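What follows is one structure encoded as structure tokens, with my remarks underneath.
The values are calculated or read from the model by the stated rules, or taken from the named source; none is laboratory data. All of these numbers come straight from a predicted model, not from anything done at the bench. Ideal geometry is used to build each Cβ from the backbone, glycine not excepted, and the neighbour counts take in all protein chains shown. Note: areas computed on protein heavy atoms with side chains; ligands, DNA, RNA excluded. Shrake-Rupley method; radii C 1.70, N 1.55, O 1.52, S 1.80 Å.
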Amino acid sequence: MIPRYSRPEMTAIWEPATKFRIWYEIEAHACDAQAALGVIPKENAEAVWKAKDVEFDVARIDEIEAVTKHDVIAFLTHLAEHIGSDDARFVHQGMTSSDVLDTTLNVQLVRAADLLIADMDRVLAALKTRAYEHKDTVRIGRSHGIHAEPTTMGLTFARFYAEMDRGRARLVNAREEIATGAISGAVGTFANIDPAVEEHVCAQLGLKPEPISTQVIPRDRHAMFFATLGVIASSIENIATEVRHMQRTEVLEAEEFFSAGQKGSSAMPHKRNPVLTENLTGLARLVRMSVVPAMENVTLWHERDISHSSVERAIGPDTTITLDFALNRLAGVIEKLVIYPDNMLANMNKFRGLVMSQRVLLALTQAGVSREDAYKLVQRNAMRVWEQGADFKTELLGDADVLAALSAEEIEEKFDLGYHMKHVDTIFARVFGTR
């Protein structure tokens, strides 16, 4: 991923130097296990650790690979340059390249997941704070982009909190599913390496042994991991889109923080654009772009092919780096989001009580009017508000058919805004628990 959308801690996971360090640890731990089994001399296993403080030369490994056309062999050759060819002769004993490559990839994905979980915790904390801050800040709910009934800004934040909390739970499960390693040798039969080696290496790396591998770890695990990242990205876009709608000039119920010295347009000095949430919408597309290739990687020929390899070299770093950046950007947007309660109230009242139509409809049916007739009575008064700019309550109070079923006091009561807020605390308790 380009530096513009990258954060250093996540990027470091995917640096070549990090990858080679993990390769080295896998090989060294495997030698320890082999020595414990008596397969290789203990002194040879100990000699491998002479390189524990070595900073592997990425350029040198690339130089060797240019000749060998094989990245793992290039690394093993470079390792031998550090520890000596005699001590290196038992390195990679009974192993195959995928043992190193696949186990390393999963170590990297686990580390990436840990960062992403921490990112989501920041987003969740911001959403919870803003939810309680605006628990009773009334705004109009919309369906199809049209005024529906009153809600609160706090409920909007709470809804997004619940969605992201589900995403976090999915990510924790995806991390668990991807945290496996395989040191099972060619075609996964352990013919030339004892399963105890796999158990030892995985324990040292914080992984579980893959119950059954071929020459590769099954890619349904990776498909699930990247699908989870795609769902989280969609949740980011869901929140970003709501902010973008709220920031529209004719709505202006909220807007991204606009810092001193910030410029919105090269041509129009008045502009304050939702650039961060628009960016998040685009980044979400990039994350989701990895989902289909990850699923297509599940299908491999027989015990192994490398059609998945080129895909994973790209989507592993790009997707996790992008999502890490997006989650942190989203957290910042939420933390600094400027809310305009007065505009929310003004927007709700723009159509002069029209949003209370359902309460009147229900009251008429409870007073004995058929639902079909009640709907007609309410709708004919509501249409005057839409088409003539009338006041809904005034129209109802002037409608003899409505007054035949409801008293003026009963009609007046149906415009009590507090009616719509009476279960906000119940919803908050469901989302956040008791405080």
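Rank-order 7-15, 358-366 by packing density, defined as the average count of other C-beta atoms within 10 Å over each peptide's residues, highest first.
Averaged packing, sorted descending, gives the order 358-366, 7-15.
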(message) Binning at 20 angstrom from zero up to the longest distance, how are the C-alpha pair distances of the chain distributed in percent?
(response) 21, 38, 25, 12, 4, 0
(request) For the stretch 173-266, just list the percent of Cα-Cα distances falling in each 5 Å bin from zero outward, please. (result) 3, 12, 13, 12, 11, 7, 6, 6, 7, 7, 7, 6, 3, 1, 0
(request) Report Cys31's accessible area, 1.4 Å probe, all protein chains in place, as a number in Å² to the nearest 10. (result) 0
(message) With a 10 Å cut-off between alpha carbons and a GNM built on the chain, which of Ser307, Ser143, Ser357 moves the most?
(response) Ser143
(message) Using a Cα-Cα cut-off of under 21 Å, which lysines could be cross-linked to Lys271, ignoring same-chain neighbours fewer than 8 residues away?
(response) Lys263, Lys336
(request) Using Cα centres only, tell me the gap between the stretch 31-63 and the stretch 222-291 in whole Å. (result) 48
(message) Please give me the summed charge of the neighbours of Glu198: other residues whose Cβ is under 11 Å from its Cβ, Lys and Arg +1, Asp and Glu -1.
(response) -3
(message) Tell me the Rg and the Dmax, in Å, that the Cα atoms of the stretch 256-323 produce.
(response) 19.3, 62
(message) Leaving ligands and nucleic acids out of the surface, order Met344, Met295, Met1 by accessible area at 1.4 Å, largest first.
(response) Met295, Met1, Met344
(message) Could you compute how much accessible surface Trp386 exposes when probed at 1.4 Å, giving the result in Å² to the nearest 10?
(response) 120
(request) Find the accessible area per residue for the stretch 257-301; the probe is 1.4 Å, ligands and nucleic acids are left out, and the unit is Å². (result) 65
(request) Specify the inter-centroid distance of the stretch 70-87 and the stretch 107-141, based on alpha-carbon positions, in whole Å. (result) 45
(request) Express in whole angstrom the spacing between the alpha-carbon centres of the stretch 150-176 and the stretch 358-392. (result) 36
(request) Only helical DSSP H runs with n ≥ 4 go in: add -39500 (n - 2.57) per run for the chain, normalise by residue count and round the 222 nm mean residue ellipticity to 500 deg cm²/dmol. (result) -20000 deg cm²/dmol
(request) Quickly rank 279-286, 328-335, 317-324 as a protection proxy: mean count of other C-beta atoms within 10 Å, highest first. (result) 317-324, 328-335, 279-286
(request) Could you tell me which of the pairs Lys350/Lys393; Lys135/Lys422; Lys350/Lys422; Lys19/Lys52; Lys393/Lys414 are separated by over 18 angstrom between their Cα atoms in the structure shown? (result) Lys350/Lys422
(message) With the cut-off at 1.5 for a/c, could you classify the stretch 230-378 from its C-alpha gyration tensor as rounded, prolate or oblate?
(response) oblate
(message) Explain nothing, just the number: relative contact order of the chain, from Cα pairs under 8 Å at least 6 residues apart, as a whole percent.
(response) 17
(request) Would you mind getting me the FRET efficiency between Leu417 and Tyr375? Use the beta-carbon distance for r and R0 = 22 Å, nearest 0.05. (result) 0.45
(request) Please find, in a Gaussian network model of the chain (springs between Cα atoms separated by less than 10 Å), the residue of Ser309, Ser259, Ser98 whose mean-square fluctuation is greatest. (result) Ser259
(message) If each residue of separation counts as 0.36 nm, what is the full-extension length gain between Ala203 and Thr68 once their alpha-carbon separation is subtracted?
(response) 45.4 nm
